[in-house]
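The values are calculated or read from the model by the stated rules, or taken from the named source; none is laboratory data. These numbers were taken from a predicted model, which means no experiment stands behind them. Here Cβ is always computed from backbone atoms with ideal geometry, including for glycine, and neighbour counts include all displayed protein chains.
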Amino acid sequence: MHLFRTARALAAGTAVIAYCAGVAAPAVAAETIRIASPFPTTTLDPLRSAAAGNIETYGQLYARLLQRNPQSGNLEPGLAESWDVSADGLTYTFHLREAKFSDGSPLTATDVAFSLERIRTDKQSAYPAPLSAVNSVTATDPKTVTFKLKFTFSPFLGNLEIWNMGIVSKVDVEKQGAEKAFSGVPLTSGPYVVKEWMPNEKLVLLPNEHYWRKGYPKSDATVELLEIASPETRIAMLKAGDIDVVRGVQWAQIDELKTGENIDMRLEPSTTIYVTLLNNKREPFSNLQARQAAAHAVDNKAMTKAVTNGYAEPANTTLPGAVDFHDKENPGIAPDPAKAKQLLAESGMQGREVKILATGGAAEQQLALLLQAQWQAIGLKPTIVNVDSGAWWDATGKGDYDAAATWWYNETPDPDLAVRWALCGTCGSNSFNTFYNNAKVDKLVEQGTKETDPVKRAAIYKEIQEITTEEVSQIPLYYAPNAVAYAKRLTGIKLTPTMQWTLEDMVIAK
Amino acid sequence: MTLLPLISRRLLQLPGVLAGICVVTFMLLHLAPGDPARLLAGDRASAETIAAIRHQNGLDQPLWQQFITYVANLLAGDIGQSLRFQRPVSALIHQFMWPTLFLTGYVVLLAVPPTIMLAIASARRPGGVADQIIRVLGIAGLTIPVFWLAIMMSRFFGAGLGWFPVSGYGQGFFGHLHHLFLPALSTSIWLVPVLTQSLRAALIEKTTADFVTTARAQGAGEGEIFWRTILPNAVLPTLNLLGVMVAFLIGGTIIVETVYAVPGLGALMIGSLLGRDYYVVQGLTLTFALATVIITLVVDLLTAFIDPRVRL
């Protein structure tokens, strides 16, 4: 009897311990990983914005038809299990897999057609360009989506992977209206759901248990995307252990972080290119020789070293070094002050005032100062005008400036969208507000879009780079990697060249 | 009840102040270059897209028409909606208000006791050793830029020694106290010298006042004279100054909030200004104006409480 009681007490005790362990285990596992970025999340609707910050968020919330392998960067099936392309290359048929939204409701072809038609045709869609070759998207049956193209378009599959191609719920958006559906806790199809969005502060994400990829996200950690404007604060937070990942590490901070014990300071490949925009709309830089003079006056190797401590690679053409068909052989524009002076004399633009626009970033400020010094040396009269980014976009959009050092990146490895954004005068961007306009280049851009033979495409983009670098549509400065610092216990996470966090592959070491 | 005229005078000022603030911020914001639609939609949005977004939000209407719409909504009690976040401005202000108010209160608590002690120590023997040391320290505290001090303290006490968190607001009352200690301290180091100088000057001035001589002639002890005669008289200008400073802090903690990543009104103001989120900025300025009026009223009431002459 006595023994029996002891055994029962033991069993009960074991049960209690087991119960506690069972409760405690998820509590331990449910860690919070905090990622700090200078770029704010301003909307959760993939239609409304193409601004940095939102781009990073969409990828966590909305699954796309295709995705990129986090290691190789190659395209692989996403929501679409497989696809067929018609012989003429004008019809793409996608076969969807079983998938659900975060509330457990089924994700069907109707949702895909709705989401992508919304991006393509809504007047307020921030970035419909990736779907510009599409004529229609239709749900042929609940599991099949058919795209009809206007012309053969080889970047098409890659474009379906871009961050605003995420699938949202038709039922929910139509029921609540887009404004309501996205301003709080939206239905998601990607690896994460929104736990809480505190605009201007943070976005709190939880793993989406209905995500189609079973076993993903690999970690059940809560993820917080924090907006921290000051670079010093981000680094102090990382060192103090307040955060685990820091985006936008300043060049001057890298060496210090490399020696950090628990910090993994990485320079990750990106398609970011820093350039100096020259305003072709007014003198002096409407003059070709003046632009060439400005370019030869600039020693971009020395500038790259000075500004980035040698962590970036000097740019040789007007296209990002990491996009397909970037011409590595192009010699670029050699620094040659004597030639610069001579070209400036021939242009008749000596002594002209040059208004250099600069925003508050450390790199932008340094670049503006270096440009000013080098242009002064060849006989221009540069002045620096400091503005915030709102005023910067206003002034460059109107052509009320002469020069501005800035950066852009390409959201996919294919150069089609890149040349349309930065070098094409008739594609709606005014060659990234430079108002550079060369009919030959515009024609080549169209050819590059429609050409399907990679060898011919390479030749087309080589020629575009030759012409625009020679005519200095912009002065190429450098190709900047993404400087990101991680806590060492995190593996599997990175920021891809297309500015997406591979959060679903993240593993936390115990 | 003689306080009534005081309160009603302040309340009568309120509509005028708010109307003035409203017109000025509206004009300044809308005339400044920069387009909320562009900043929201991003670099690559086309001109047509931007135009559609502007139209949707009524930004393409003439300025006077937008102003009338805004004022009409305001009178109906609606201070508008954030252009970026599509949430009511009032909800945003409510969300960000508490860290700032907590921080302001914390600063006052940290700043007032040392101010009184330092001012008394200085005023006891003007020009003495204590006075000189306090003055030099005060000048140092005043001249060190708040942002630099804040960065250094977060590096040293936060990242280096690990005593305090370097960011955020924390959970619960003690979490807030812990998280906001460094921000409050950085602000106090600048605030204490300002208040000390004011109180010290008033104390010295009052020691030679006629009523002090009278008290002394009537045989009051020095301690009694100081605590019951000099201090209450000297504290009034500093109280007014503190009121101005508190009003300033509620709208002006931008620097410490940025350095310590405190999700307060200053952080919201910066984000909204950079994003040209018009109605949020306007809502914030109105809130700051309202706070200033309320604090001035509180200071007036306190003054009346301390100094009976005001009530006459």
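Listing for the model above:
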| quantity | calculated |
| --- | --- |
| Residue count for region A:198-238, restricted to those that are within 14 Å of chain B (Cβ to nearest Cβ), crowded, with 24+ Cβ neighbours inside 10 Å and more than 10 Å from A:A36 (Cβ to Cβ) | 5 |
| Helices (runs of 4 or more DSSP H) completely within region B:183-299 that count 2 or more residues being closer than 23 Å to B:G20 by Cα | B:231-252, B:265-274 |
| Filter result (under 17 Å from A:P155 (Cα atoms) and assigned to a helix (DSSP H, G or I)) within region A:426-451 | A:L444, A:V445, A:E446, A:Q447, A:G448, A:T449, A:K450 |
| Residue in region A:469-492 that is farthest from A:N69 (Cα to Cα), counting only those that are out of contact with any helix residue (DSSP H, G or I) (no Cβ under 6 Å at 6 or more places or on another chain) and among the β-branched types (V, I, T) | A:T469 |
| Selected residue (only one of A:K450, A:K462 is away from chain B (no Cβ under 14 Å), surrounded by fewer than 22 Cβ atoms within 10 Å (Cβ to Cβ), at pLDDT 95 or above and out of contact with any Cys (no Cβ under 9 Å at 6 or more places or on another chain)) | A:K462 |
| Top-ranked residue of region B:81-108 - restricted to ones that are within 21 Å of A:F182 (Cα to Cα) and among the small types (G, A, S), ranked as farthest from the other protein chains (Cβ to nearest Cβ) | B:S90 |
| So A:V168, is it touching a residue at least 12 places away in the same chain (Cβ under 8 Å), in contact with a helix residue (DSSP H, G or I) (Cβ under 8 Å, 6 or more places away or on another chain) and within 30 Å of A:Q366 (Cα to Cα) | no |
| Those residues of region B:68-91 which are over 28 Å from the mean Cα position of the chain (by Cα) and under 18 Å from B:R276 (Cβ atoms), in sequence order | B:T69 |
| Flag for B:D43 being within 32 Å of the chain's Cα centre (by Cα) and within 11 Å of chain A (Cβ to nearest Cβ) | no |
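Listed here are the residues, each with its yes/no results for (1) within 14 Å of chain B (Cβ to nearest Cβ); (2) at pLDDT 90 or above; (3) more than 24 Å from A:R213 (Cα to Cα).
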position: A:F4; (1), (2), (3): no, no, yes
position: A:I17; (1), (2), (3): no, no, yes
position: A:G22; (1), (2), (3): no, no, yes
position: A:S37; (1), (2), (3): yes, yes, yes
position: A:L44; (1), (2), (3): yes, yes, no
position: A:A63; (1), (2), (3): no, yes, no
